[in-house]
Amino acid sequence: MWHAEGPPDRAALCVRQHEPCSMPENWLAAMASESMPKIKTTDGISLYYEESGAGVPVVFIHEFAGDYRTWEPQMRCFGRSHRCITYSQRGYPPSDVPDDPARYGQDIARGDVLALMDALGVDKAHIVGHSMGAYTALHVGIRHPQRCISVTAAGCGWGSLPDPAARQAMREQAAENAKLFSENTMAKAAAIYADSATRHPQKYKDPRGYAEFVRLLSEHSPQGHALTMTMLQARRPTLWDLQAELKKFSVPLLVIVGDEDETCLDGSLFLKRAAPTAALLVIPRSGHTITSEEPAAVDAALAELFAATENRRWLAHKPPQ
């Protein structure tokens, strides 16, 4: 499906015509200089987005180490039945990368989702988030339940620890992560950041997929990553901080986590126990990069969620309230 703004880009045309692509090495930067579909946020930031399909809307929100391309398996799957929207968050090319730290934060990230939906004429949608994007999806569900058909929180929980000492250790780790991106080339930082224990399940069982994940990460902005880590990841409220709001969560909630994703297991179980509308799926032998590591399992769970919520059957296993 071509965007109304103009003819398809070179890569899309190559796919349609089955011909070799002659794209520049850093094609993401090259694309950013051309006409691309973007919306403006309330503070004037341009966000790049892509759409696929028609029907009930689904908005996908990527993780810290991802971008709009992270959701390609889901865009291909659900673009057959839904109007799927994926975007790069602020700080992630080809979206704008503000150099002002004050233009990053959890409330700002939540507002960007609403700005995207408003600009595209979407009143309500399935909000699907992964990791950092899962936190944002939860915040949309808490603050704006009327805009959500359902919420999915995949790989959610890093840094959400009830122990104060553990929380401080998380903030110190976030500072080290920010330093990693601000003091190294993006390629070097990507190789180091991607080689964490929670990414190893994909690295060893799917080397090709892991190599693609590292390559896409290496094309990001080091400044965008450093500011996102400092102003959003390190400062957002933990899941435990949101306990009172989560106990009143009214939107159907699907929580997905890999059993090798040690940093998110406790947080995911907490979400299941705290939110009355939550269901928990634990995918065995899987790590943090769950949406691309095990797309079939994730897509099957999303398909069940979408069908149940669109037919008002998500809580059919419980007596009517």
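Each Lys and Arg contributes +1 and each Asp and Glu -1, all at the Cβ; summed about the Cα centre of the chain, the dipole is approximately 880 debye. Converting phi to 3J(HN,Hα) with the Karplus coefficients 6.51, -1.76 and 1.60 and the offset θ = phi - 60°, the range 310-319 yields 5, 9, 6, 10, 5, 9, 5, 7, 10, x Hz in sequence order, with x at every glycine or proline.
For the residues T277, T228, what sequence is obtained by ranking on other C-beta atoms within 10 Å, fewest first?
T277, T228
The calculated FRET efficiency for N311 paired with Q243, based on their beta-carbon distance and R0 = 41 Å, is about 0.85. The order of H200, H317, H82, H288, going from fewest to most other C-beta atoms within 10 Å of their C-beta, is H317, H200, H82, H288.
Rounded to the nearest whole Hz, the Karplus-based 3J(HN,Hα) values (6.51 cos²θ - 1.76 cosθ + 1.60, θ = phi - 60°) of the range 101-109 follow the sequence x, 5, 9, 10, x, 5, 5, 5, 4, with x at glycine and proline. Once C-alpha pairs closer than 8 Å and six or more residues apart are averaged by separation and normalised to the residue number of the range 31-310, the relative contact order reads 20 percent. With a Förster radius of 35 Å applied to the C-beta separation of S196 and D99, the computed FRET efficiency comes to 0.80. Amide H to amide H, with H built 1.01 Å from N, G258 comes under 5 Å of G155, I283, counting only residues 5 or more places away or on other chains.
Taking each DSSP H run with n ≥ 4 as -39500 (n - 2.57) and averaging over every residue of the chain yields -12500 deg cm²/dmol at 222 nm.
Within the range 215-280, all pairs of alpha-carbon atoms sorted by distance into 5 Å bins from zero give the percentages 3, 16, 17, 17, 18, 15, 10, 5, 0. Among 95-107, 122-134, sorting by the average number of other beta carbon atoms lying within 10 angstrom of each residue, highest first, gives 122-134, 95-107.
State to the nearest 20 debye the size of the charge dipole of the range 65-146 about its Cα centre, where the only charges are +1 on K and R beta carbons and -1 on D and E beta carbons.
380
Straightening the chain between E172 and K272 buys 33.2 nm, computed as 0.36 nm per residue apart minus the Cα-Cα spacing. The H on the amide N of V56, modeled in the peptide plane, is under 5 Å from the matching H of R83, each at least 5 residues off or on a different chain. What separates the Cα centres of the range 247-306 and the range 145-212 is a distance of 16 Å.
Computed from backbone phi with θ = phi - 60° and the Karplus coefficients 6.51, -1.76 and 1.60, the 3J(HN,Hα) list for the range 200-211 is 5, x, 5, 4, 8, 8, 9, x, 5, x, 5, 4 Hz; x is used for glycine and proline. Over all Cα atoms in the chain, the spread is summed up by Rg and Dmax: 18.7, 59 Å. So which of K124/K248; K179/K203; K124/K203; K124/K318 end up more than 28 Å apart, counting from Cα to Cα? Where the Cα-Cα span goes over 28 Å, the pairs concerned are K124/K203.
Each reported figure results from applying straightforward, stated rules to the coordinates on display, with no laboratory input. Because the structure is a prediction, the values reported are computed rather than measured. Note that each Cβ is placed from the backbone with ideal geometry, even for glycine, and that neighbours are counted across all protein chains shown.
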